[in-house]
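S.K.: The following block contains the structure, expressed as C-alpha coordinates.
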Amino acid sequence: MNARIPQQHITRIPLDEIDHQLIGLLQRDGRASYAELAPAVGLSAPAVRQRVQRLVEGGVVQIVAVTDPLALGLPVMALVGIKVSGDALAVADALGAIPRVIYVVVTGGSFDLFAEVVCRDMTELFEIMNGLIRPMNGVSSVESFPYFDIHTQRFTWETD
(Lines give C-alpha, C1' and ligand atoms only; values in the text may rest on other atoms or scores of the structure.)
Protein backbone atom coordinates (compact mmCIF):
# COMPACT_ATOMS: atom_id res chain seq x y z
CA MET A 1 0.00 0.00 0.00
CA ASN A 2 1.18 3.50 -0.78
CA ALA A 3 2.56 5.39 2.25
CA ARG A 4 0.58 8.51 1.28
CA ILE A 5 -2.04 9.08 4.00
CA PRO A 6 -4.84 11.62 3.53
CA GLN A 7 -4.58 14.55 5.88
CA GLN A 8 -7.68 15.35 7.88
CA HIS A 9 -8.65 18.99 8.06
CA ILE A 10 -7.96 20.21 11.58
CA THR A 11 -9.64 23.39 12.75
CA ARG A 12 -6.82 25.89 13.02
CA ILE A 13 -8.92 28.86 14.00
CA PRO A 14 -10.28 29.32 17.50
CA LEU A 15 -14.07 29.18 17.79
CA ASP A 16 -16.00 31.10 20.41
CA GLU A 17 -19.64 30.83 21.48
CA ILE A 18 -20.82 33.21 18.74
CA ASP A 19 -19.06 31.08 16.10
CA HIS A 20 -20.82 27.99 17.46
CA GLN A 21 -24.16 29.82 17.37
CA LEU A 22 -23.56 30.92 13.76
CA ILE A 23 -22.62 27.39 12.72
CA GLY A 24 -25.84 26.05 14.27
CA LEU A 25 -27.95 28.70 12.55
CA LEU A 26 -26.27 28.05 9.19
CA GLN A 27 -26.79 24.30 9.60
CA ARG A 28 -30.52 24.96 9.92
CA ASP A 29 -30.63 27.49 7.05
CA GLY A 30 -27.53 28.02 4.96
CA ARG A 31 -29.36 30.70 2.94
CA ALA A 32 -30.01 32.96 5.93
CA SER A 33 -28.80 36.49 5.29
CA TYR A 34 -26.26 38.22 7.48
CA ALA A 35 -29.03 40.64 8.48
CA GLU A 36 -31.17 37.70 9.63
CA LEU A 37 -28.30 36.08 11.54
CA ALA A 38 -27.11 39.27 13.24
CA PRO A 39 -29.85 39.71 15.87
CA ALA A 40 -29.71 36.02 16.78
CA VAL A 41 -26.05 36.33 17.81
CA GLY A 42 -26.06 39.96 18.97
CA LEU A 43 -23.77 41.37 16.29
CA SER A 44 -24.13 43.70 13.33
CA ALA A 45 -24.64 42.25 9.85
CA PRO A 46 -21.11 43.29 8.74
CA ALA A 47 -19.61 41.59 11.82
CA VAL A 48 -21.59 38.41 11.04
CA ARG A 49 -20.43 38.53 7.42
CA GLN A 50 -16.83 38.78 8.59
CA ARG A 51 -17.23 35.84 10.99
CA VAL A 52 -18.99 33.63 8.44
CA GLN A 53 -16.31 34.43 5.87
CA ARG A 54 -13.63 33.47 8.42
CA LEU A 55 -15.41 30.16 9.08
CA VAL A 56 -15.67 29.43 5.35
CA GLU A 57 -12.08 30.43 4.57
CA GLY A 58 -10.86 28.45 7.59
CA GLY A 59 -12.56 25.32 6.25
CA VAL A 60 -14.80 25.05 9.29
CA VAL A 61 -18.03 25.30 7.24
CA GLN A 62 -19.11 24.95 3.65
CA ILE A 63 -22.35 26.45 2.41
CA VAL A 64 -23.77 24.00 -0.13
CA ALA A 65 -27.05 22.78 -1.59
CA VAL A 66 -28.06 19.30 -0.43
CA THR A 67 -29.90 17.26 -3.03
CA ASP A 68 -32.41 14.48 -2.45
CA PRO A 69 -31.61 11.42 -4.62
CA LEU A 70 -35.27 10.33 -4.55
CA ALA A 71 -36.42 13.68 -5.93
CA LEU A 72 -33.79 13.36 -8.66
CA GLY A 73 -35.10 9.95 -9.77
CA LEU A 74 -32.36 7.95 -8.04
CA PRO A 75 -34.28 5.71 -5.61
CA VAL A 76 -31.72 2.87 -5.44
CA MET A 77 -28.90 3.56 -3.01
CA ALA A 78 -26.21 1.27 -1.66
CA LEU A 79 -23.12 1.34 0.47
CA VAL A 80 -20.36 -0.60 -1.28
CA GLY A 81 -17.54 -2.15 0.73
CA ILE A 82 -14.33 -2.59 -1.27
CA LYS A 83 -11.24 -4.61 -0.37
CA VAL A 84 -8.10 -3.43 -2.12
CA SER A 85 -4.82 -5.07 -3.01
CA GLY A 86 -2.34 -2.28 -3.54
CA ASP A 87 -2.87 1.46 -3.34
CA ALA A 88 -6.22 2.17 -1.65
CA LEU A 89 -5.99 5.87 -2.45
CA ALA A 90 -5.59 5.19 -6.17
CA VAL A 91 -8.72 3.02 -6.06
CA ALA A 92 -10.50 5.72 -4.04
CA ASP A 93 -9.62 8.25 -6.76
CA ALA A 94 -10.95 5.93 -9.47
CA LEU A 95 -14.18 5.34 -7.52
CA GLY A 96 -14.60 9.09 -7.07
CA ALA A 97 -14.53 9.50 -10.85
CA ILE A 98 -17.72 7.42 -11.24
CA PRO A 99 -20.60 9.91 -11.49
CA ARG A 100 -23.08 7.79 -9.46
CA VAL A 101 -20.61 7.46 -6.57
CA ILE A 102 -21.46 10.31 -4.21
CA TYR A 103 -18.81 9.71 -1.57
CA VAL A 104 -15.83 7.52 -0.86
CA VAL A 105 -14.19 6.94 2.52
CA VAL A 106 -10.91 5.24 3.32
CA THR A 107 -11.40 3.08 6.38
CA GLY A 108 -9.99 0.30 8.53
CA GLY A 109 -11.52 -3.03 9.37
CA SER A 110 -12.67 -5.68 6.95
CA PHE A 111 -13.02 -3.18 4.07
CA ASP A 112 -10.43 -0.70 2.87
CA LEU A 113 -12.97 1.64 1.26
CA PHE A 114 -16.67 2.40 1.39
CA ALA A 115 -18.47 4.12 -1.45
CA GLU A 116 -22.06 5.31 -1.55
CA VAL A 117 -23.78 4.81 -4.88
CA VAL A 118 -27.10 6.27 -6.06
CA CYS A 119 -28.86 4.75 -9.08
CA ARG A 120 -32.03 4.82 -11.18
CA ASP A 121 -32.68 1.11 -10.62
CA MET A 122 -31.10 -2.20 -9.56
CA THR A 123 -29.89 -2.82 -13.11
CA GLU A 124 -27.80 0.35 -13.01
CA LEU A 125 -26.43 -0.62 -9.59
CA PHE A 126 -25.42 -4.02 -10.99
CA GLU A 127 -23.76 -2.39 -14.01
CA ILE A 128 -21.73 -0.08 -11.75
CA MET A 129 -20.74 -2.91 -9.40
CA ASN A 130 -19.99 -5.52 -12.05
CA GLY A 131 -18.86 -3.35 -14.96
CA LEU A 132 -16.98 -0.52 -13.25
CA ILE A 133 -15.95 -1.37 -9.70
CA ARG A 134 -15.14 -5.12 -9.78
CA PRO A 135 -12.79 -4.91 -12.80
CA MET A 136 -11.03 -1.81 -11.42
CA ASN A 137 -7.27 -2.24 -11.03
CA GLY A 138 -6.47 -2.94 -7.37
CA VAL A 139 -9.96 -4.09 -6.35
CA SER A 140 -9.84 -7.56 -4.81
CA SER A 141 -13.46 -7.87 -3.65
CA VAL A 142 -16.69 -5.90 -3.52
CA GLU A 143 -19.77 -6.26 -1.34
CA SER A 144 -22.92 -4.16 -1.66
CA PHE A 145 -25.32 -3.16 1.08
CA PRO A 146 -28.50 -1.83 -0.59
CA TYR A 147 -30.55 0.62 1.45
CA PHE A 148 -34.12 -0.32 2.31
CA ASP A 149 -34.67 2.92 4.19
CA ILE A 150 -32.66 5.88 5.41
CA HIS A 151 -33.62 5.83 9.06
CA THR A 152 -31.58 8.81 10.27
CA GLN A 153 -29.85 11.47 8.21
CA ARG A 154 -28.42 14.58 9.86
CA PHE A 155 -26.95 17.69 8.41
CA THR A 156 -26.83 19.43 11.77
CA TRP A 157 -24.92 18.37 14.86
CA GLU A 158 -23.39 19.97 17.89
CA THR A 159 -20.10 21.72 17.21
CA ASP A 160 -18.74 21.57 20.77
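The values are calculated or read from the model by the stated rules, or taken from the named source; none is laboratory data. This structure is a prediction, so every number in the text was calculated from the model and none was measured. With ideal geometry, Cβ positions are generated from the backbone for all residues, glycine too; neighbour counts draw on all protein chains shown.
S.K.: Starting from residues that are part of a loop (DSSP other than H, G, I, E, B) and in contact with a Lys or Arg (Cβ under 9 Å, 6 or more places away or on another chain), keep the ones in region 101-113 and report whichever is surrounded by the most Cβ atoms within 10 Å (Cβ to Cβ). Step through it out loud before you land on a result.
M.R.: As a first pass, look at region 101-113 and keep what is part of a loop (DSSP other than H, G, I, E, B): 107-112.
Next cut, in contact with a Lys or Arg (Cβ under 9 Å, 6 or more places away or on another chain) only: 110-112.
Working: Ser110: 9, Phe111: 20, Asp112: 24.
Among residues in region 101-113 that are part of a loop (DSSP other than H, G, I, E, B) and in contact with a Lys or Arg (Cβ under 9 Å, 6 or more places away or on another chain), the one surrounded by the most Cβ atoms within 10 Å (Cβ to Cβ) is Asp112.
S.K.: Let me ask another. May I ask you to list pairs of residues, at least six apart or on different chains, whose Cβ atoms are under 8 Å apart, with the first in region 17-45 being within 17 Å of Thr156 (Cα to Cα) and the second being in a helix (DSSP H, G or I) and charged (D, E, K, R)?
M.R.: Ile18/Arg51; Asp19/Arg51; Leu22/Arg51
S.K.: Give the residue that is farthest from Ile150 (Cα to Cα), with candidates limited to residues of region 75-100 that are of a type outside the set (A, V, I, L, M) and in a helix (DSSP H, G or I).
M.R.: Once the filter is applied, the top-ranked residue is Asp93.
S.K.: Within region 114-141, can you find the residues that are of a type in the set (Ser, Thr, Tyr) and either in contact (Cβ under 8 Å) with a residue 12 or more places away in the chain or not in a helix (DSSP H, G or I) (or both)?
M.R.: Within region 114-141, Ser140, Ser141 meet the criteria.
S.K.: Among the residues of region 90-108, write down those that are under 12 Å from Val139 (Cα atoms) and either hydroxyl-bearing (Ser, Thr, Tyr) or in contact with a strand residue (DSSP E or B) (Cβ under 7 Å, 6 or more places away or on another chain) (or both).
M.R.: Val91, Ala92, Leu95
S.K.: Output the residue which, of all residues in region 1-27 that are charged (D, E, K, R) and surrounded by 10 or more Cβ atoms within 10 Å (Cβ to Cβ), is modelled with the highest pLDDT. Give the derivation first.
M.R.: So in region 1-27, the residues charged (D, E, K, R) come out as 4, 12, 16-17, 19.
When the remaining residues are screened for being surrounded by 10 or more Cβ atoms within 10 Å (Cβ to Cβ), the result is 4, 19.
Details: Arg4: 51, Asp19: 95.
Per the criteria, the residue is Asp19.
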